[in-house]
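Visitor: There's a structure below that I have some questions on.
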Amino acid sequence: MKFFDGCKVKLVLFGFVAAVVVGSGSANAEFIFGTPTNLGPTVNSSALDSVPSISADGLELYFSSGRPGGYGSLDIWVTKRPTKDDPWGTPVNLGSTVNSSYDDPTPSISADGLTLYFSSNRAGEGGYDLWLTTRATVSDPWGTPVNLGSTVNSSYDETSQSISADGLSIYFSSYDRHRPDGYGGRDIWVTTRPTTNDPWGQPVNLGPTVNSSHHDWRPSISADGLSLFFPSNRPGGYGSWDLYVTMRKTKEDPWSPPVNLGPTVNTASAEMAPSISHDGRDLYFSDFGGPRPGGVGDADL
């Protein structure tokens with residue numbers, strides 16, 4: 001199975017202001033989105049560049065790429081900038097300690113910048129597993145990746161994870177045509193732990209309010225833990241895949257029915273792989289099947 005199913009991907013960035021009102025059991029959202037902005041030829045290549053993860057300080061952007069100079073068909077790269085007002089620098093491969101000769105996509109950087117979660121189909125518990133690599137400081141190199149283990153990973157596929165800002169929840173996707181207890185082809189699950197010193201618990205499906213009988217995957221949890229962005233190919237959208245958001249009033253409340261982000265964001269193409277910034281003002285996402293106007297190559301950031 002190829003991770004991206006042969007799709008071409010375009011990754012774009014836009015700023016927005018979001019006003020969200022969550023009531024008892026329902027959610028109303030009004031989003032005002034800016035025009036999508038291409039990150040330009042310094043960052044983008046003619047290869048597949050996809051699945052972003054923005055650091056909490058907004059100065060590092062991790063992403064998957066199949067560009068030359070890697071170690072496998074999909075490697076993790078990072079582009080950096082000195083301040084948010086500076087342009088992004090030339091992307092750097094994370095190297096052979098992190099990347100392998102297999103697929104190593106879907107990075108997710110922790111809020112403190114010291115742990116990087118990703119999925120890989122290297123030898124583990126199943127097809128794609130969730131892994132992590134750590135570093136002592138943001139100036140140190142990344143260490144040898146560690147598999148999250150058999151409580152989280154299964155003999156099926158676990159991918160596209162998003163670590164919460166407090167480090168206590170990982171939202172991820174599983175291919176539920178294989179994994180039991182799902183609602184569609186792909187569902188969103190969550191594993192939690194009481195403290196960052198505890199092991200991860202048994203994954204829980206987010207249930208039929210969030211998941212549908214279609215594909216729901218590649219989630220991104222907001223810093224406050226109250227909004228979860230994800231793509232879905234459920235009916236009622238603007239293209240083959242659209243971006244949605246589900247919300248909750250507190251972390252103890254259930255998730256509300258997902259809301260489509262609307263036609264400014266979603267198009268007749270396929271919008272995928274969102275990554276919401278720590279301050280909630282910027283959303284990075286992928287566009288499958290583009291290209292959108294203004295792109296540099298077939299797959300852009």
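Visitor: Answer yes if at least one residue in region 208-228 is within 27 Å of Asp57 (Cβ to Cβ), not small (Gly, Ala, Ser) and not in a loop (DSSP other than H, G, I, E, B), and no otherwise.
Guide: yes
Visitor: Are any of the residues in region 130-137 within 15 Å of the chain's Cα centre (by Cα) and touching a residue at least 40 places away in the same chain (Cβ under 8 Å)?
Guide: Yes - at least one qualifying residue is present in region 130-137.
Visitor: Taking region 87-117, which residues are under 16 Å from Asp140 (Cβ atoms) and either β-branched (Val, Ile, Thr) or assigned to a strand (DSSP E or B) (or both)?
Guide: Answer for region 87-117, where residues must be under 16 Å from Asp140 (Cβ atoms) and either β-branched (Val, Ile, Thr) or assigned to a strand (DSSP E or B) (or both): Val92, Thr97, Val98, Ile109, Thr115, Leu116.
Visitor: Pairs, please: C-beta under 6 Å, at least 6 apart or cross-chain, first residue modelled with pLDDT under 85 and small (Gly, Ala, Ser) and in region 265-286, second crowded, with 24+ Cβ neighbours inside 10 Å and assigned to a loop (DSSP other than H, G, I, E, B)?
Guide: Hits for this filter: zero, empty list.
Visitor: Please state which one of Thr250, Thr264 is of a type in the set (Ser, Thr, Tyr), surrounded by fewer than 16 Cβ atoms within 10 Å (Cβ to Cβ) and touching a Phe, Trp or Tyr at 6+ places or on another chain (Cβ under 6 Å). Talk me through it step by step, then tell me what you get.
Guide: On the way: Thr250 fails: touching a Phe, Trp or Tyr at 6+ places or on another chain (Cβ under 6 Å).
Exactly one residue qualifies, and that residue is Thr264.
Residues checked against (1) surrounded by 22 or more Cβ atoms within 10 Å (Cβ to Cβ); (2) at pLDDT below 75:
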residue	(1), (2)
Ser26	no, yes
Ile32	no, yes
Asn44	yes, no
Asp57	no, no
Leu61	yes, no
Ser64	yes, no
Tyr71	no, no
Ile76	yes, no
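Visitor: Let me ask another. Return a yes/no flag: does region 179-188 have any residue that is in a loop (DSSP other than H, G, I, E, B), under 15 Å from the mean Cα position of the chain (by Cα) and surrounded by fewer than 18 Cβ atoms within 10 Å (Cβ to Cβ).
Guide: Kept after step one, since they are in a loop (DSSP other than H, G, I, E, B), are these residues of region 179-188: 179-185.
Among the residues that remain, those that are also under 15 Å from the mean Cα position of the chain (by Cα) are: none.
Among the residues of region 179-188, not one is in a loop (DSSP other than H, G, I, E, B), under 15 Å from the mean Cα position of the chain (by Cα) and surrounded by fewer than 18 Cβ atoms within 10 Å (Cβ to Cβ), which makes the answer no.
The values are calculated or read from the model by the stated rules, or taken from the named source; none is laboratory data. No experiment lies behind these values; they were computed from the predicted model shown. Please note: Cβ atoms are built from the backbone with ideal geometry, for glycine as well, and neighbour counts cover all protein chains shown.
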